[in-house]
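Undergrad: Attaching a single structure in structure tokens format; questions to follow.
The values are calculated or read from the model by the stated rules, or taken from the named source; none is laboratory data. Owing to the predicted nature of the structure, the values given are computational and were not obtained by experimental measurement. FYI the Cβ positions are ideal-geometry reconstructions off the backbone, even for glycines, and counts take in every protein chain you see. Accessible surface areas use protein heavy atoms only, side chains included; no ligands, DNA or RNA. Shrake-Rupley method; radii C 1.70, N 1.55, O 1.52, S 1.80 Å.
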Amino acid sequence: MHIPVSLHTASRAHEIDLNLLDKRDFAPVGYQRYNKSTGKVVDWNDVVKGYQYEKGEYVVLTDEDFRRANVEASRTIDIQAFVPSDSIAPYYFETPYFVVPDKNGQHVYALLREALEQSKKLAVATFVLRSRQHVAALMPVGNVIVLNTLRFQEEIQPQPEVAAASARKANGAGAKELQMALKLIDEMSGTWKPEAFADTYRDDLMKRIDQKIKAGQTHTLTEPEEEATEARGTGGKVVDLMSLLQRSLDQKGRGAAGDGEVRASKRKHSAARRRTTHSRAARRA
């Protein structure tokens, strides 16, 4: 199956642009590319890539060299296998791209998207992007195919030993704790709504920046509060899971009770209005 496609970035940065400053005079600290032999700054147009094959000896590589290394690999996304959609652990996923079909590839593109959706499978593929080979997963999302680059096995750190999890497995989770946790999960379950989540910390940080500007503290180095320093030193409090679960369930219950009270109040008002209407009608009669 050959599908002519193009890749479009599916993510974008949403960060506050911060500059590095010299704390002695608050002047910006710049990044410079300099020639290690002459010490002079090198313009971006004069920078090329090179591989050091001997000490101090380099072979220069251009984009054309990367292409000629494997012409087919640099032009194609090659599907290697199909795997169950839940078989790839989350920490393998790296960067998403929208895969958009070219004019002559729309029919086959739609066929692949539909086949992936109905089979509940991901296509595992390899391709070359920016002089580096990638492994990726192709998945149907809505009406498009999303390509998500994957980390290689050697890039994944070994899973840490978690003593608490091992101990709980050995001893078995407390039945009451587990039931409360399951009840909480059930009550808080719903559909995934990404629009319900926003980077509120970014807004909070901008408010803090505005506070410092208005207070004339633009060149003031804020020292940590004593309370925060102590908290970091002690490593935080030990939390009782049962009390946390109970508190969460109580809050959910109060919310539901509140809704019930509102509904009961509305029913009372409706009944009162009906009685008033009947009484007026009887007097008129």
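Undergrad: Quantify, in whole percent, the carbon and sulfur part of the accessible surface of region 65-161 (1.4 Å probe; protein heavy atoms only).
TA: Numbers: 3320 of 6340 Å².
Whole-percent figure for carbon plus sulfur exposure: 52.
Undergrad: Which value, in Å² and to the nearest 10, is the accessible area of Thr76 when all protein chains are kept and the probe is 1.4 Å?
TA: Rounded to the nearest 10, the figure is 30 Å².
Undergrad: Could you pull out every residue, at least 5 positions away or on a different chain, whose amide H is within less than 5 Å of the one on Arg151? Hs are placed 1.01 Å off N in the peptide plane, and Pro or chain starts have none.
TA: Placed amide hydrogens put Phe93, Glu94 under 5 Å from Arg151.
Undergrad: Using amide H atoms built in the peptide plane, which far-off residues or other-chain residues are under 5 Å from Val42 H to H?
TA: Those qualifying (amide H under 5 Å, at least 5 residues apart or on another chain) are Arg33, Tyr34, Asn35.
Undergrad: Under a straight-distance cross-link criterion of Cα-Cα below 17 Å, which aspartates and glutamates are reachable from Lys36, leaving out those fewer than 8 residues away in the same chain?
TA: Here the aspartates and glutamates satisfying the reach criterion relative to Lys36 are Asp46, Glu57.
Undergrad: What trypsin sites (Lys or Arg not before Pro) in region 109-142 are in a loop by DSSP, with at most 15 other Cβ atoms within 10 Å of the Cβ?
TA: Numbers: sites: Arg113, Lys120, Lys121, Arg130, Arg132; in loops: Lys120, Arg130.
Hits after loop and neighbour filter: Lys120, Arg130.
Undergrad: Something else about it: Just to be sure I understand the curve: with the Debye formula and one point per C-alpha of region 1-98, what is log10 I(q)/I(0) at q = 0.11, 0.15, 0.16 Å⁻¹?
TA: -0.77, -1.11, -1.14
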